[in-house]
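Novice: Could you have a look at this structure, given as structure tokens, before my questions?
The values are calculated or read from the model by the stated rules, or taken from the named source; none is laboratory data. Everything numeric here is computed off the predicted structure, so don't read it as measured data. Here the Cβ is made from the backbone with ideal geometry for all residues, glycine too, and neighbour counts use every protein chain on show. SASA here: full protein model, heavy atoms, side chains in, ligands and nucleic acids out. Shrake-Rupley method; radii C 1.70, N 1.55, O 1.52, S 1.80 Å.
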Amino acid sequence: MVAAGLPDTVASAADLPQRITIWEVGPRDGLQNEKSVVDLAVKLEFIDRLADAGLRVIEATSFVHPKWVPQLADAAELVDGLSRRDGVSYPVLVPNERGLDRALEAGMDHIAVFASATETFANRNLNRTLDSQFEMFEPVVTRARAEGLRVRGYLSMCYGDPWEGPVPAEQVIAVGRRLLDLGCSQLSLGDTIGVATPGQVEALIAGFGDPAVLAVHFHDTYGQALSNTMAALRCGVSTVDSSAGGLGGCPYAESATGNLATEDLVWMLDGLGLDHGVNLDKLAGTSAWMAAQLGRPSPSRVVQALRG
Ligand code: HMG
Ligand code: MG
């Protein structure tokens with residue numbers, strides 16, 4: 001029997017943000033977690049192919065201490081070798097003033113600082129306490145803004161932390177507001193170890209109260225990244241982080257697996273009729289090529305379905 005109509009509770013795509021910005025993190029979050037260091041030429045081709053597939057924000061690398069993340073020790077050479085395209089932004093991670101100096105020398109105009117919502121991860125990832133990470137970021141954000149750079153703030157461990165367990169939403173909101181108060185124009189809420197579920201996502205976004213300044217950054221450890229993204233879209237968030245082919249993780253949080261795969265996100269956005277500007281076929285081809293470079297299949301279900 002055909003149902004008379006959909007129940008009122010089914011949200012229509014008309015209620016969702018119509019234009020989604022995909023913030024591609026594969027070259028940074030993906031490659032920082034590879035056991036081996038990927039060749040510079042492969043990284044450069046990867047980034048160029050991502051731009052060719054229509055991605056307009058491609059997080060390129062990190063100006064962190066090379067001993068902490070040797071996979072991205074070639075940051076200066078990488079940004080020097082980029083064929084920067086008009087209309088494409090290439091943000092880089094910068095933890096401190098030394099990192100900002102390096103990013104400015106390289107002519108970057110878009111950076112991200114990255115904070116932790118928990119004490120333990122602030123220590124493990126940044127060698128700082130939860131409070132002293134802000135002493136490190138404050139001059140970075142102030143100087144970067146004075147130089148006309150755009151500054152994003154990341155917040156890690158927004159739902160759960162492998163050492164501290166569940167993280168209370170009030171704690172996340174308090175630390176996140178500090179990043180916005182410093183002058184970050186966008187706050188990306190990181191589910192670093194991929195434990196969140198949609199109800200928590202809705203509660204956290206509602207707690208912040210202004211979805212326009214938020215982005216979401218889900219790792220897919222428990223297979224919830226796409227459901228969580230849908231929950232965030234329903235709350236009005238329109239910037240979504242993802243990595244081509246589902247590359248990713250975090251070297252300082254071992255339980256973190258890859259990010260939400262960009263192809264899985266694009267498939268869902270296409271189905272919802274939302275605008276994002278990415279050519280799925282070119283993107284899946286790029287991820288299949290990257291998987292061959294890395295010597296293992298992409299974990300993305302959509303890449304497997306299209307290229308398997
Ligand atoms: P530290 O050891 O406390 O640094 O590390 P320091 O300030 O004491 O300086 C020690 C030495 O390092 C000095 O050299 C500095 O010049 C040098 P020395 O005088 O001994 O010769 N140094 C640097 N060199 C190059 N570039 C720099 C830099 N800074 C200092 N930027 C630090 C502190 C923050 C540097 C270190 O902890 C670090 O690099 N951490 C980065 C860790 C990281 O990149 N983690 C992954 C990214 S976060 C993530 O993936 C999560 C995210 O995806 C969101 C999510 O999923 O939740 C964003
Ligand atoms: Mg991440």
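Novice: Name the shape class, rounded, prolate or oblate, that the alpha-carbon gyration tensor gives for region 22-307, where a ≥ b ≥ c are the square roots of its eigenvalues, rounded holds for a/c under 1.5, and otherwise prolate holds if a/b is larger than b/c and oblate otherwise. Walk me through the numbers on the way to the answer.
Specialist: Values: a/c = 1.42, a/b = 1.10, b/c = 1.29.
Taking the square roots of the gyration eigenvalues as a ≥ b ≥ c, region 22-307 is rounded.
Novice: Okay, moving on. Please identify, among Q32, Q293, Q224, the residue showing maximal mean-square fluctuation in a Gaussian network model of the chain using a 10 angstrom Cα cutoff.
Specialist: Q293
Novice: Check which residues have an amide H placed less than 5 Å from A215's amide H, if you skip close sequence neighbours.
Specialist: The answer is L187, S188, L189.
Novice: Let me ask something else. Output the Cα-based Rg and Dmax of region 195-273 in Å, rounding Rg to one decimal and Dmax to a whole number.
Specialist: 12.3, 37
Novice: What figure, in Å² to the nearest 10, do you get for the accessible area of W68 with a 1.4 Å probe and non-protein molecules left out?
Specialist: Its accessible surface works out to 90 Å², give or take rounding.
Novice: How many times 2.2 N^0.38 Å is the alpha carbon radius of gyration of region 1-129? List each step's numbers first, then the result.
Specialist: Values: Rg = 19.2 Å, N = 129, 2.2 N^0.38 = 13.9 Å.
The reported ratio for this selection is 1.38.
Novice: Please give me the summed charge of the neighbours of A117: other residues whose Cβ is under 14 Å from its Cβ, Lys and Arg +1, Asp and Glu -1.
Specialist: On the way: positive: R124, R128, R177, R178; negative: E119, D131, D161, E164, E170, D191.
Around A117, the charge tally is -2.
Novice: Right, something else. Choose one answer from V216, V37, V175: the residue with the largest mean-square fluctuation in a GNM of the chain with alpha-carbon springs under 10 Å.
Specialist: So, out of V216, V37, V175, the one fluctuating most is V37.
Novice: Let me know the shape class of region 98-168, please: from the alpha-carbon gyration tensor, a ≥ b ≥ c as square roots of the eigenvalues, rounded when a/c is under 1.5, otherwise prolate if a/b is greater than b/c, or oblate.
Specialist: Numbers: a/c = 2.71, a/b = 2.30, b/c = 1.18.
The shape class here is prolate.
Novice: Can you list residues whose amide H is under 5 Å from T61's amide H, if they're 5+ apart or on another chain and H is modeled 1.01 Å from N?
Specialist: Those lying under 5 Å, H to H, from T61 are L93.
Novice: May I ask you to evaluate 6.51 cos²θ - 1.76 cosθ + 1.60, the Karplus curve with θ = phi - 60°, for each residue of region 17-28 and list the ³J(HN,Hα) values in order in whole Hz, giving x for glycine and proline?
Specialist: Working through the residues one at a time gives x, 7, 10, 10, 8, 8, 9, 7, 10, x, x, 9 Hz.
Novice: Are there any GluC sites (Glu not before Pro) in region 11-46 that are in a DSSP loop and have at most 11 other Cβ atoms within 10 Å? List them by number. Write down the numbers at each step before the final one.
Specialist: Details: sites: E24, E34, E45; in loops: E34.
Filter output for region 11-46: empty list.
Novice: Sum -39500 (n - 2.57) across every DSSP H segment of at least 4 residues in the chain, then divide by the residue count to get the 222 nm mean residue ellipticity, nearest 500.
Specialist: Details: 11 runs with 120 residues, N = 308.
That comes out to -12000 deg cm²/dmol.
Novice: I'd like the Karplus ³J(HN,Hα) series for region 219-227: coefficients 6.51, -1.76, 1.60, θ = phi - 60°, whole numbers in Hz, and an x wherever there's a Gly or Pro.
Specialist: With coefficients 6.51, -1.76 and 1.60, one gets 8, 10, 3, 9, x, 9, 4, 6, 4 Hz.
Novice: Now for a different question. Add +1 for every Lys or Arg and -1 for every Asp or Glu among the other residues with Cβ under 14 Å from the Cβ of G81, and state the total.
Specialist: Residues near G81 contribute -3 overall.
Novice: ³J(HN,Hα) across region 263-270 via Karplus (A = 6.51, B = -1.76, C = 1.60, θ = phi - 60°), whole Hz, x for Gly/Pro?
Specialist: With coefficients 6.51, -1.76 and 1.60, one gets 5, 5, 5, 5, 4, 5, 5, 4 Hz.
Novice: When ligands, DNA and RNA are left out and all protein chains stay put, how many square angstrom of accessible area per residue does region 22-307 have with a 1.4 Å probe?
Specialist: Details: 11060 Å² over 286 residues.
In whole numbers, region 22-307 has 39 Å² accessible per residue.
Novice: Report, by chain and number, residues whose modeled amide H sits under 5 Å from the one on A115, excluding near sequence neighbours (fewer than 5 apart, same chain).
Specialist: For A115, whose amide H was placed from the backbone, the distant partners under 5 Å are Y154, L155, S156.
Novice: Between V151, V240, V42, where does the largest GNM mean-square fluctuation fall for the chain, given springs only between Cα atoms within less than 10 Å?
Specialist: Largest GNM mean-square fluctuation: V42.
Novice: At a 1.4 Å probe radius, carbon and sulfur cover how many percent of the accessible area of region 22-307?
Specialist: Numbers: 5330 of 11060 Å².
Its accessible area is 48 percent carbon and sulfur atoms.
Novice: In addition: At what distance in angstrom do the alpha carbon centres of region 38-84 and region 143-203 lie from each other?
Specialist: 24
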